[in-house]
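J.: Let me begin by handing over the structure; questions about it come next.
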Amino acid sequence: MAAKPLGNPHALIDMIGYLAMTIDARADGDGERSYTMSLLDKGPLHCGKKIAEEGAELALALAAQGEAEAAGEAADLIYHILVGLRAKGVSLDQVSDALHERQGISGLDEKASRSQS
């Protein structure tokens, strides 16, 4: 079992909202180029590869590094997920709806239903 609970989600929710607005502003900006814009310019495939890379780095941090490193890698992954969603044109509302539809359903049952489709 995990050593401690995940904790209060409100600070992370606020930060994800701020990050999403920053990504949107940089994507729509015509000023100075940014890392976000460079990722978006390369498209969803490149963003997907970055998400896979960051996910692997988080997995390694969880397995073999400390809490601070795991938190940093999780932050990197969340950022790249948001950029990837923007690159694909998937809104946070769509992600929220997908999570809402799964609420109250066992993860095992939900996963089994996908393999039958």
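Quick note: the coordinates plus some simple rules give every number you see, no bench work behind them. Everything numeric in this text was worked out from a predicted model, so none of it was measured. FYI the Cβ positions are ideal-geometry reconstructions off the backbone, even for glycines, and counts take in every protein chain you see.
J.: Of Lys4/Lys50; Lys50/Lys88; Lys88/Lys111, which ones are farther than 25 Å apart at the Cα?
T.: Violating the 25 Å Cα-Cα cut-off are Lys4/Lys50.
J.: Just add up the charged neighbours of Arg114: K/R +1, D/E -1, any other residue whose Cβ is under 15 Å from the Cβ of Arg114.
T.: Net local charge, Arg114 excluded: -1.
J.: Modelling each spin label as a point 7 Å along the Cα-to-Cβ direction, I'd like the His100/Ala3 distance in nm, to one decimal.
T.: My value for the distance between the label points is 3.7 nm.
J.: Among 96-102, 76-82, 54-60, what's the highest-first ranking by average C-beta atoms within 10 angstrom per residue?
T.: Packing order, densest peptide first, comes out as 76-82, 54-60, 96-102.
J.: Mean projection of the alpha-carbon convex hull of the chain over all orientations, in nm²?
T.: 9.4 nm²
J.: Cα axis of helix 10-28 to longest principal axis of the chain: angle in degrees, 0 to 90, nearest 10?
T.: 30 degrees
J.: Taking the chain as the reference, fit the longest principal axis to its C-alpha atoms, fit the long axis of helix 92-102 to the helix C-alpha atoms, and give the angle between the two in degrees, 0 to 90, nearest 10.
T.: The two axes meet at around 10 degrees.
J.: A follow-up question, please. Express the relative contact order of the chain as a whole percentage, based on alpha carbon pairs under 8 Å and six or more residues apart in sequence.
T.: 24 percent
J.: What FRET efficiency comes out for the pair Ala64/Leu12, r = Cβ-Cβ distance, R0 = 22 Å, nearest 0.05?
T.: Using R0 = 22 Å, I get an efficiency of 0.40.
J.: Run down the aspartates and glutamates and flag those whose C-alpha is under 18 Å from the C-alpha of Lys49, throwing out any fewer than 8 positions away in its chain.
T.: Candidates past the 8-residue exclusion: Asp41, Glu57, Glu73, Asp76.
J.: As a footprinting exposure proxy, order Lys111, Lys88, Lys50, Lys4 by other Cβ within 10 Å, with the fewest listed first. Kindly include the intermediate steps, with their values, before the conclusion.
T.: Values: Lys111 10, Lys88 14, Lys50 20, Lys4 7.
Starting with the residue having the fewest Cβ neighbours, the order is Lys4, Lys111, Lys88, Lys50.
J.: In degrees between 0 and 90, to the nearest 10, how far off the longest principal axis of the chain does helix 107-116 point, with axes built from Cα atoms?
T.: Result, in degrees: 70.
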